[in-house]
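Accompanying notes for the structure given below.
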Amino acid sequence: MGLKTAFKVGDTIFYPSAGVGVIQATEDLYIDGRREPCYVIHIHQNRVTIKVPRTNLAKNGIRRPLDGKKAKDVFKVLSSGGARRATGGNWAERCKDLERRINTGSCLELAAAVRDLMHWKKKSGLSFEEARLLATASGYLSDELAAVQGIPSETAYDHIQRHIGARA
């Protein structure tokens, strides 16, 4: 793992399938008889602690939070037009694709998923699974923007809605 992706205790990170977290410690775990150095990460939103082997960081999409330029790019994605919901195809496949986009680790994919779901919600409503994905994705995105901008998550969520134009 390169120096650019090395983390230390106290660093804030983004874990695509869990949200914003803080590295609380490093410790060794024994997996299949081998010693694996791990990061102990506390996830704020879910109030859980996860241990991730250092060798799995890239595979899991764990990255540093957005910087100023990436935050601007996220707001550009949120402000762009929403995608048309496919009328054909299986809703389960659409949800699987949304979940894949949310969990890629890409802040731009996450923003696009939030944008699309909010547009669909406004236009024609969401299925139960789509509503769950929207809650998860918008929570992750607002928590990350809040951490980067030093504002409450609720304020970040309001910014997201304003950029999408979904504010009721």
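Let's see how each residue does on (1) more than 24 Å from GLY150 (Cβ to Cβ); (2) in the same structural domain as ALA112 (by TED's automatic domain parsing):
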position: ASP11; (1), (2): no, no
position: VAL20; (1), (2): no, no
position: GLU27; (1), (2): yes, no
position: ASP32; (1), (2): yes, no
position: ARG35; (1), (2): yes, no
position: VAL40; (1), (2): yes, no
position: VAL74; (1), (2): no, yes
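Kindly indicate whether GLY10 is at positive phi and either part of a strand (DSSP E or B) or touching a residue at least 12 places away in the same chain (Cβ under 8 Å) (or both). Answer is yes for this residue. One residue stands out among those in the range 147-168 that are free of Cβ contacts under 8 Å to residues at least 12 places away in the same chain and among the hydrophobic types (A, V, I, L, M, F, W, C): the one that is surrounded by the fewest Cβ atoms within 10 Å (Cβ to Cβ), which is ALA168. State whether one or more residues within the range 24-32 are under 28 Å from GLU154 (Cα atoms), in contact with a strand residue (DSSP E or B) (Cβ under 7 Å, 6 or more places away or on another chain) and modelled with pLDDT of 95 or more. Checked the range 24-32: at least one residue is under 28 Å from GLU154 (Cα atoms), in contact with a strand residue (DSSP E or B) (Cβ under 7 Å, 6 or more places away or on another chain) and modelled with pLDDT of 95 or more. Residue selection: LEU145 fails the criterion of being within 18 Å of ARG100 (Cβ to Cβ), modelled with pLDDT of 90 or more and aliphatic (A, V, I, L, M).
Selection of the range 94-105 for residues being surrounded by fewer than 16 Cβ atoms within 10 Å (Cβ to Cβ) and outside any helix (DSSP H, G or I) yields only THR104.
Quick check: is even one residue across the range 33-41 at pLDDT below 85, crowded, with 17+ Cβ neighbours inside 10 Å and touching a helix residue (DSSP H, G or I) at 6+ places or on another chain (Cβ under 8 Å)?
Our first condition is that a residue be at pLDDT below 85; within the range 33-41, this holds for none.
So far as the range 33-41 goes, no, none of its residues is at pLDDT below 85, crowded, with 17+ Cβ neighbours inside 10 Å and touching a helix residue (DSSP H, G or I) at 6+ places or on another chain (Cβ under 8 Å).
When you look at THR104, is it of a type in the set (S, T, N, Q) and modelled with pLDDT under 90, yes or no?
yes
Going through (1) in a loop (DSSP other than H, G, I, E, B); (2) of a type outside the set (Val, Ile, Thr); (3) more than 18 Å from SER17 (Cβ to Cβ) one by one, PRO65 falls short only on (3). Scanning the range 110-143 for residues that are without any contact (Cβ under 8 Å) to a residue 60 or more places away in the chain, surrounded by 16 or more Cβ atoms within 10 Å (Cβ to Cβ) and closer than 18 Å to ALA156 by Cβ yields a total of 12.
The values are calculated or read from the model by the stated rules, or taken from the named source; none is laboratory data. Values in this document were obtained by computation on a predicted structure and should not be read as measured data. Backbone-built Cβ (ideal geometry, glycine too); neighbour counts: all protein chains shown.
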